[in-house]
Amino acid sequence: MPLPAQPPALQVSGYGLDYETPSGRFAALRDIDLSIARSEVLGLVGESGSGKTSLAFAILRDLGANARETGGSIRLAGEELTAKSTRELEAIRGRRIAMVFQDPGTSLNPTLPLGEQLAEVLRRHQGLSRRQAWREAEAALARVALKTPAEMMRRYPHEVSGGEKQRVAIATAFACQPDCILFDEPTTALDIITARQILELFERLQEETGVASLYISHDLALVSRIADRVAVIHRGRIVEEEPAAQVFSAPREDYTRQLIASVPRPDRRLVAPAPAAAAPLLEVEALTVRYGRDRLLDRLRGRASRQVEGNRAISLAVRPGEIFGIVGESGSGKSTLARALAGLNPFEGSFSFEGRRFARPAELDRAYRRAVQIVFQHPDSSLNPRQQIREILARPLRLYDAPGAASLAERVEALLAEVQLPADFARKYPHQLSGGEKQRVAIARAFASRPQLVICDEITSALDVSIQAQIVQLLLSLRERFGTTYLFITHDLNLIRQIAHRIAVMYRGDLVELVEVEALAAAGPRHAYTRALLEAVPTPVG
Amino acid sequence: MSLSYFIRRCGYIVFTLLVVSLLVFGITQLLPGNAAVMLLGENATPEALAAVSSRLGLDQPAWLQYWHWLSGVLAGDFGTSLRTGLPVGPMIFGALGRSLLLAAAALLLMLAVAVPLGVVAALKRGRLADLLVSLVSYVGVSVPEFVTATIVLILLADPALRLFPASGYVPLGEDFWAGLHHLVLPVLTISVILVAHVSRMVRSEMVDVLHSDYVRAARLKGLRRRTVLIRHALRNALLPTITVVALDVGYLLGGIIVVEEIFAFPGIGRQLIVAIQARDLPAIQAGALVMAATYGLANFAADIAYAWLDKRIQYD
Amino acid sequence: MTEALARLLRSPQGALGSALLLALAVPVVAGPWLAPYDPEQFHFTARLLGPGPDFWLGTDQFGRDLLSRLLVGARSTVLMAVAATALGTGLGAVIGNVSAFAGGRLDEIVMRLLDAVMAIPGLLFALLIVTALGASELNALIAIGITFTPGMARIARSVALTVRKQDYVSAAIARGETQGYIVLREMLPNCVAPIIVEATIRVAFAVMLLATLSFLGLGAQPPSSEWGLMVAEARQFIFRNPWMIVWPGIAIAVVAVGFNLLGDGLRDALNPRT
């Protein structure tokens, strides 16, 4: 028996949006059509600048002064939103449509207790008294599985963890049982395991309440797991919309195919098996790094030392020619180790490189520094903004090499070619380059000295997935050519399982597990923390 | 705010006052002209000079003089004025009280004007009101107090019109309205720079806060515009302003020196100028020390208030 | 460099500030030649005049031509302020950078000391120094320079510390560059811009402080036509000829506004990332 046709919870049709910029109009969104029924989850996937967040704010009718809409309609349960006045919108937002932001650290007011920020929505939209709203808010916090809701109500944002903050934000969004909730990358700012827990919470609440959800993310693997349908947005247009199960298996558009090819998958290894075991290139012995300094006042008051151990007695050996992965969440000490090996952190213990032992940063000589290079996470900060690319690249050439037959300019050009950048980039400044291009320059700088070991410290985590795939390809081809060994540090478990030979898992300054990737795939992890990490990461299916 | 932060901050203020006292004493030691010569005149006999020098302790090494001076100050004894022969302490603190009245009135007026101006400019960003406010603040911070004061005098104190008195002071307790009347012009003058500066700070803080995620989140919760502005935006925008206002107390005290001189207001600034002109060493030292200490304490109070109000910062 | 200049002139503050200061450069460079009269010449028949055909801006109590006095006074007012700021910036930059590099206890001690010195209000500090050195234009300049030093040192230090945390400096250290190379080639070019911006804005403040000291009789001495002193000398005549105060007052304000605007314009123009 056909039910009477119910309008979708959210329907956007023919919607377009421009931004007025000093250099003319910029088309942010074009011909957007999408519709979400009750109880449905629509995943919206796009890279940075694709317009996915603009769409969320357009739906909520919260656009900047420089936004110009070019037409189309946005309906919430059949009701046209584009025609509403500010006053009418105020009554709808928070009550019938709500949003969860990416970073709970910035989306909660730092000077108001968490409970206030939740209760104020209930008072505004449900006409509850202060006391009723407080009680109701406490119950809402219990529903998002916060352990001590009453205590949580009185806390300030800085007093709780990122995961707890995001739970409060989610409780606020669900507080008035809206028709539709927009989730803008709600797990991206969180650590791997916390992100997994938030995702589970989302799935449970979504199921219980039957709210229509627009889940925005850059992570195709994640979205294809939790959404019913997936829409891919590229340069302001929705290029493809598929049932979630088919995105990976049967993409129709070129862009989607390219995106899927870029998504790291552990089942598609990109490297040949590890070279035969030889004497280790780098051998780290009980390396400890401490941060902080004792305060006079604390010492006088007999307080314990404030020094924090970034690394605790780490020992590992890297074989020549292998890709050695180090994974861990933020604060696990993986970058601390990288910086110590690059001579940037004072350390205790020692390490040997090609049989030569170093026990202090001051002992790292030119030969070592030449043989071991580091590439940093943020290309914005790792290239001097006041130097042209040719100066940046010429410096290591001049520093490490006797003058050869080729002129410096020619060698800079050759370096640029190695990282697949055109020769005329030599005269550009870093701010004229995109993020991926900057990272290529940083890689070229590292390879200028023809190093044996390159430390890659989260070098792709600030980049979009398609750029990440290109950078990884570049690294692999450089390795093929020069036989370079990599120490590859990342929090991306899928990526590291795709390219590393062995993986060291770090947790709060300790190395908890060291495992061959092939053994990991065959036998699974041994340490509970590694298992938790692996279970928390969605892998692409299909 | 933890106890240890408070203790540490108290330690800093003691250290600061110590350094300030050293500087004040050190600089004034360089003063040309010997105090003994000042007292007895140029024609005094060397014997008389030596006698007075030893009575004043001027023949002692500098560090010992400093020690005597400092221990005196700590006991509340600021020495005797070379000009009037009276103890400096009561004189200075009486003047300080009158100056603080002036300063407090100027701060109140400033807050009452600058905060709304800054908020309006931020809300109307890029529009006429914003442009006007920023024009006013550019000009305001660029006109020294002595120019403002003379313009104020020309406009509001013309003897023919008798709008406001051009100079003098009447205690509020004696005749409240006359006292207030005398305060108007000096307060107006000092406030101009402060209003210009603080309104600019409030504007920029407010612009930042209005662009923050949490204000957007508050708006998208459907809260009323007023609630968003006051409860979420203004609270956070005004916090950093506390520190700015405390720093401006420094300008204010500088301004007070000039303004008291021009309006013949018997405060600590005017006393200091008189002391400088008369080379009255104990009075200069006491005046400078008390002014600097006032400023130091204002900043101390602001830091404590900030730490107490801003829940985010975990001072350990 | 030309790119930064173009950016400066595109911003309203930068353009207006540059225009004001260019206009100001004329009297600073050529004031004595442009002046229609000798600034110290008395005209007993034309005292306390308002603006008119003979004396465009009017005359003072001795019948001296106000326009000529302003034009000639520009040099001592503006150049002195620039010199005082340069002195304070130079000293401050050295102290701030040394402290930032030394780090540790020394850095902490230096910063605490500077904080303590900054607890003395600027004008009061300058006043004390001038009193100790004796009232003169040069001593006022030195006093203002010293007064600016702690503030500039703090700024220089915080800029240096920010730059030192950048990964391009880490990269240079990891590469095994010498201290000298890192400081001169990697850090210095990135430290200069924010200091220039701050110094530019401080010139405005120096102009005002210098004029205030002269006004209080502790800076320039008669018969100088320093603008602050002109205002001080005009005080007795404010109701008989307000122009005597209005012109130098406006002149001081224009200089200060010009440097304030230029500073704000430079802040945006010198940022390579925009």
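Do you know which residues across the range B:117-132 are aliphatic (A, V, I, L, M) and either surrounded by fewer than 17 Cβ atoms within 10 Å (Cβ to Cβ) or at pLDDT below 90 (or both)? Hits for the range B:117-132 are B:LEU123, B:LEU128, B:ALA129, B:LEU131, B:LEU132. If you check C:MET230 against the conditions, is it crowded, with 24+ Cβ neighbours inside 10 Å and either modelled with pLDDT under 85 or out of contact with any Gly (no Cβ under 7 Å at 6 or more places or on another chain) (or both)? When the stated conditions are applied, C:MET230 does not pass them. Only one entry in A:ALA142, A:ALA137, A:ALA119 is surrounded by fewer than 16 Cβ atoms within 10 Å (Cβ to Cβ), in contact with a helix residue (DSSP H, G or I) (Cβ under 7 Å, 6 or more places away or on another chain) and not assigned by TED's automatic domain parsing to the domain that holds A:ASP62, namely A:ALA142.
Is the range A:389-402 home to any residue that is within 30 Å of A:VAL45 (Cβ to Cβ) and either buried (at least 17 other Cβ atoms within 10 Å of the Cβ) or modelled with pLDDT under 90 (or both)? Can you show your working first?
Let us first name the residues in the range A:389-402 that are within 30 Å of A:VAL45 (Cβ to Cβ), namely none.
No, the range A:389-402 contains no residue that is within 30 Å of A:VAL45 (Cβ to Cβ) and either buried (at least 17 other Cβ atoms within 10 Å of the Cβ) or modelled with pLDDT under 90 (or both).
Looking at C:ALA232, C:ALA171, which is the one that is over 28 Å from C:VAL98 (Cα atoms), of a type in the set (Gly, Ala, Ser) and in a helix (DSSP H, G or I)?
Matching residue, one of C:ALA232, C:ALA171: C:ALA232.
Tally up the residues in the range C:131-140 that are assigned to a helix (DSSP H, G or I) and either within 11 Å of C:LEU209 (Cα to Cα) or facing chain B (nearest Cβ under 9 Å) (or both), please.
The first filter runs over the range C:131-140 and keeps only residues assigned to a helix (DSSP H, G or I), leaving C:131-133, C:137-140.
Adding the requirement that they be either within 11 Å of C:LEU209 (Cα to Cα) or facing chain B (nearest Cβ under 9 Å) (or both) leaves C:131-133, C:140.
Count: 4.
When A:VAL100 is tested against the conditions (1) of a type in the set (Val, Ile, Thr); (2) within 18 Å of A:GLN177 (Cα to Cα); (3) touching a helix residue (DSSP H, G or I) at 6+ places or on another chain (Cβ under 6 Å); (4) free of Cβ contacts under 8 Å to residues at least 24 places away in the same chain, the lone failure is (4). Between A:ALA417, A:ALA409, A:ALA500, the distinction of being in contact with a helix residue (DSSP H, G or I) (Cβ under 8 Å, 6 or more places away or on another chain) and without any contact (Cβ under 8 Å) to a residue 12 or more places away in the chain belongs to A:ALA417 only.
Going through the range A:36-81 one residue at a time, which ones are in contact with a Lys or Arg (Cβ under 9 Å, 6 or more places away or on another chain) and either without any contact (Cβ under 8 Å) to a residue 60 or more places away in the chain or surrounded by fewer than 19 Cβ atoms within 10 Å (Cβ to Cβ) (or both)?
Taking the range A:36-81 first, the residues in contact with a Lys or Arg (Cβ under 9 Å, 6 or more places away or on another chain) are A:36, A:40-46, A:49-51, A:57, A:60-62, A:65, A:68, A:70, A:74, A:76-77, A:79, A:81.
Across the range A:36-81, the qualifying residues are A:GLY49, A:PHE57, A:ARG61, A:ASP62, A:ALA65, A:ARG68, A:THR70, A:ALA77, A:GLU79, A:LEU81.
Taking the conditions exactly as written (modelled with pLDDT under 90 and either surrounded by fewer than 22 Cβ atoms within 10 Å (Cβ to Cβ) or more than 24 Å from C:VAL257 (Cβ to Cβ) (or both)), does B:LEU229 satisfy them or not? I'd like the intermediate steps shown before the answer.
Numbers: modelled with pLDDT under 90: no; either surrounded by fewer than 22 Cβ atoms within 10 Å (Cβ to Cβ) or more than 24 Å from C:VAL257 (Cβ to Cβ) (or both): yes.
Against the criterion (modelled with pLDDT under 90 and either surrounded by fewer than 22 Cβ atoms within 10 Å (Cβ to Cβ) or more than 24 Å from C:VAL257 (Cβ to Cβ) (or both)), B:LEU229 does not qualify.
Within the range B:71-102, the set of residues being in contact (Cβ under 8 Å) with a residue 12 or more places away in the chain and part of a strand (DSSP E or B) comprises B:THR80 only.
One residue alone among A:LEU112, A:LEU201 is within 19 Å of A:LEU42 (Cα to Cα) and either touching a Lys or Arg at 6+ places or on another chain (Cβ under 6 Å) or touching a residue at least 40 places away in the same chain (Cβ under 8 Å) (or both), and that residue is A:LEU201. The residues listed here are B:ARG9, B:ARG55; of these, the one that is under 22 Å from the mean Cα position of the chain (by Cα) and either more than 9 Å from every other protein chain (Cβ to nearest Cβ) or modelled with pLDDT under 85 (or both) is B:ARG9. Helices (runs of 4 or more DSSP H) fully within the range B:206-316 that include at least 2 residues being closer than 20 Å to A:ASN109 by Cβ and at the interface with another protein chain (Cβ under 8 Å from one of its Cβ atoms): B:213-220, B:235-262. Checked against (1) within 22 Å of the chain's Cα centre (by Cα); (2) modelled with pLDDT of 85 or more; (3) not in a helix (DSSP H, G or I), C:GLU177 passes all but a single condition, namely (1). Taking the conditions (1) out of contact with any strand residue (DSSP E or B) (no Cβ under 8 Å at 6 or more places or on another chain); (2) at the interface with chain B (Cβ under 10 Å from one of its Cβ atoms) in turn, A:GLY64 satisfies each one other than (1).
Quickly run through the range A:356-404 and pick out the residues that are within 11 Å of chain C (Cβ to nearest Cβ), assigned to a loop (DSSP other than H, G, I, E, B) and over 11 Å from A:ALA446 (Cα atoms). Within the range A:356-404, A:LEU364, A:ASP365, A:GLN377, A:HIS378, A:LEU383, A:ASN384, A:PRO385, A:ARG386, A:GLN387 meet the criteria.
Restricting attention to the range A:242-266 and to residues that are charged (D, E, K, R) and without any contact (Cβ under 8 Å) to a residue 60 or more places away in the chain, the residue that is surrounded by the most Cβ atoms within 10 Å (Cβ to Cβ) turns out to be A:GLU242.
Contact map, the range C:232-251: first residue within 7 Å of another protein chain (Cβ to nearest Cβ), second residue in a loop (DSSP other than H, G, I, E, B) and modelled with pLDDT of 80 or more, Cβ cut-off under 9 Å, separation 6 or more or different chains; pairs are C:GLY249/B:VAL143; C:GLY249/B:PRO144.
Considering every residue within the range C:65-88, establish whether at least one is of a type in the set (Val, Ile, Thr), crowded, with 17+ Cβ neighbours inside 10 Å and more than 19 Å from the chain's Cα centre (by Cα). No, the range C:65-88 contains no residue that is of a type in the set (Val, Ile, Thr), crowded, with 17+ Cβ neighbours inside 10 Å and more than 19 Å from the chain's Cα centre (by Cα).
Based on this model, can you work out whether C:VAL163 counts as under 22 Å from C:LEU91 (Cα atoms), crowded, with 19+ Cβ neighbours inside 10 Å and either within 14 Å of chain A (Cβ to nearest Cβ) or without any contact (Cβ under 8 Å) to a residue 12 or more places away in the chain (or both)? Steps first, answer last, please.
Details: under 22 Å from C:LEU91 (Cα atoms): yes; crowded, with 19+ Cβ neighbours inside 10 Å: yes; either within 14 Å of chain A (Cβ to nearest Cβ) or without any contact (Cβ under 8 Å) to a residue 12 or more places away in the chain (or both): yes.
Criteria met by C:VAL163.
Within the range C:219-226, not a single residue is assigned to a helix (DSSP H, G or I), closer than 28 Å to B:ASP158 by Cα and either touching a residue at least 12 places away in the same chain (Cβ under 8 Å) or at the interface with another protein chain (Cβ under 8 Å from one of its Cβ atoms) (or both). The single condition from (1) within 23 Å of the chain's Cα centre (by Cα); (2) of a type in the set (Val, Ile, Thr); (3) assigned to a strand (DSSP E or B) that A:THR70 fails is (1).
Looking at the range A:239-257 only, could you name the residues that are closer than 19 Å to A:ILE32 by Cβ and part of a helix (DSSP H, G or I)? Explain how you work it out, then say what you get.
In the first step, residues of the range A:239-257 are kept if they are closer than 19 Å to A:ILE32 by Cβ; the result is A:239-242, A:247, A:252-253, A:255-256.
Those that are closer than 19 Å to A:ILE32 by Cβ and part of a helix (DSSP H, G or I): A:VAL247, A:TYR255, A:THR256.
Do any helices (runs of 4 or more DSSP H) lying entirely in the range A:87-163 carry at least 3 residues that are over 23 Å from A:GLY331 (Cβ atoms) and within 8 Å of another protein chain (Cβ to nearest Cβ), and which ones are they? Break it down stepwise before answering.
Numbers: elements: A:104-107, A:114-126, A:130-143, A:149-154.
Hits in the range A:87-163: A:114-126.
The values are calculated or read from the model by the stated rules, or taken from the named source; none is laboratory data. Keep in mind that this is a model prediction, so the values were computed, not measured. A quick note on method: Cβ atoms are made from the backbone with ideal geometry, for glycine too, and the neighbour counts reach across all protein chains shown.
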